[in-house]
Ligand code: PLP
């Protein structure tokens, strides 16, 4: 057979995409499946953003742009950081890429040498450990369970850092848990990181605007400005503006790291789509009132789903702070079901018996749980909760 690189053999394909594929397969065979696996808003991209893209096409903005983004987009990103986060960046500290995912990938490839360790709190976004592995790094997974609201504790961080640690990854609000660090919690993690000047920090702020805590959004640099010179912020328009298909993310951080990411991008994909860049300018600089109705819908669905889940026998769901995911513990339910021994078997059972597709917690590094995406209509959620209740029973 054909020999593939060891690099590829080290990683697994995205398990969330696998669930979506399995659901599609069953649907094609005539089964009625409700998908709660998707990681994207169910809304359309707002009208003024779509219009900006059409106008860009009509103006002929259909050619290569600078590798790291057009001057207009980089200016819009710079203003976003000033306006929303009180952070000042020079243009050589900013890069636009084909999604936050590519920013993260470029970052790992830019800073990791073989054997370098990356602290990854679990539950984590599925791609983090595999991206580390692709860059020949070593993911140091630290478990943060439901009892600590899925958030890394300062003493756990302290314990995880070794002299091989190159990067610590933070994601708040978090996919898959939906919880966000408080300002005090971030400051406490920052206090640990201040003692390790060799360690870089990546904060994945992609769910920044899908947050309903009374405390406003903050990331670790906003609270610990002294970490600014070694922190890379990752963000993008996918979730906030319902723009997953446009593939436009951005990063800001130390100029040498951003320059290295740009160099890698120049030899792989070059600039993100010129059309998407024009759309992102409209998203970041235009009217922000499109965000609130989507946020309201996510919050309403969150409240509904969490309440329904907690009324089911053997299911326990912590309330979230944002995103469009919740991450209930299914340990009791697994115990109660004959022939189901873990969260992966539970997901298989539920798709087969109840016609509900969800992603097992193991995919996010925390077994005994399941991730539920409520980025779908209330009607679908009502049906799905009804089906789950039939399987588990109601208290
Ligand atoms: N980071 C997290 C935590 C995510 O959940 C996602 C998308 O699922 C991404 C990054 C990637 O977003 P993008 O569409 O900008 O590549």
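Every number here is computed from the coordinates shown, using simple stated rules; none is lab data. Owing to the predicted nature of the structure, the values given are computational and were not obtained by experimental measurement. Every residue, glycine among them, receives a Cβ derived from its backbone with ideal geometry; neighbour counts consider all protein chains shown.
Using the alpha carbons alone, the radius of gyration of region 298-395 stands to its Kirkwood radius in an Rg to Rh ratio of 0.92.
Can you tell me which of 47-56, 160-169 comes out highest on packing, and rank the rest after it, using the mean Cβ neighbours within 10 Å?
So the order, starting with the most tightly packed, is 160-169, 47-56.
Here the residues 391, 356, ranked from fewest to most Cβ neighbours within 10 Å of their Cβ, fall in the order 391, 356. Put in order of Cβ neighbour count within 10 Å, fewest first, the listed residues 131, 294, 261 become 294, 131, 261. With a simple spin-label model that places each label point 7 Å from the Cα along the Cα-to-Cβ direction, the separation between residue 382 and residue 198 comes to 5.9 nm. Only DSSP H runs of four or more residues enter the estimate; each adds -39500 (n - 2.57), and after division by the residues of the chain the mean residue ellipticity at 222 nm equals -12000 deg cm²/dmol.
Which of rounded, prolate or oblate describes region 30-138 when judged by the alpha-carbon gyration tensor and an a/c cut-off of 1.5?
oblate
The alpha carbon radius of gyration of the chain, expressed as a multiple of 2.2 N^0.38 Å, is 0.98. Listed from fewest to most Cβ neighbours within 10 Å, the set 312, 243 follows the order 312, 243. Over all pairs of distinct alpha carbons, what does the Kirkwood formula give as the hydrodynamic radius of region 18-81, in Å? Over region 18-81, the inverse of the mean reciprocal pair distance is 15.8 Å. Here r is the Cβ-Cβ distance between residue 163 and residue 29 and R0 is 45 Å; the resulting FRET efficiency, rounded to 0.05, is 0.25. Assuming a ≥ b ≥ c are the square roots of the Cα gyration tensor eigenvalues, decide whether region 170-213 counts as rounded (a/c under 1.5), prolate (otherwise, with a/b larger than b/c) or oblate. The shape class here is prolate. Each residue, residue 64 and residue 296, gets one label point 7 Å from its Cα in the Cβ direction; the gap between the two is 4.7 nm.
For the pair residue 4 and residue 303 in one chain, pulling the backbone fully straight at 0.36 nm per residue adds 103.0 nm over the alpha carbon distance. Ranked by the mean number of other Cβ atoms within 10 Å of their residues, highest first, the peptides 296-308, 223-235, 248-260 fall in the order 248-260, 223-235, 296-308.
Does region 90-232 come out rounded, prolate or oblate, given a ≥ b ≥ c as the square roots of the eigenvalues of its C-alpha gyration tensor, rounded meaning a/c under 1.5 and, failing that, prolate meaning a/b above b/c? Cα axes put region 90-232 in the rounded bin. Each peptide in 57-63, 32-38, 174-180, 383-389 was scored by the mean count of other Cβ atoms within 10 Å over its residues; highest first, the order is 174-180, 32-38, 383-389, 57-63.
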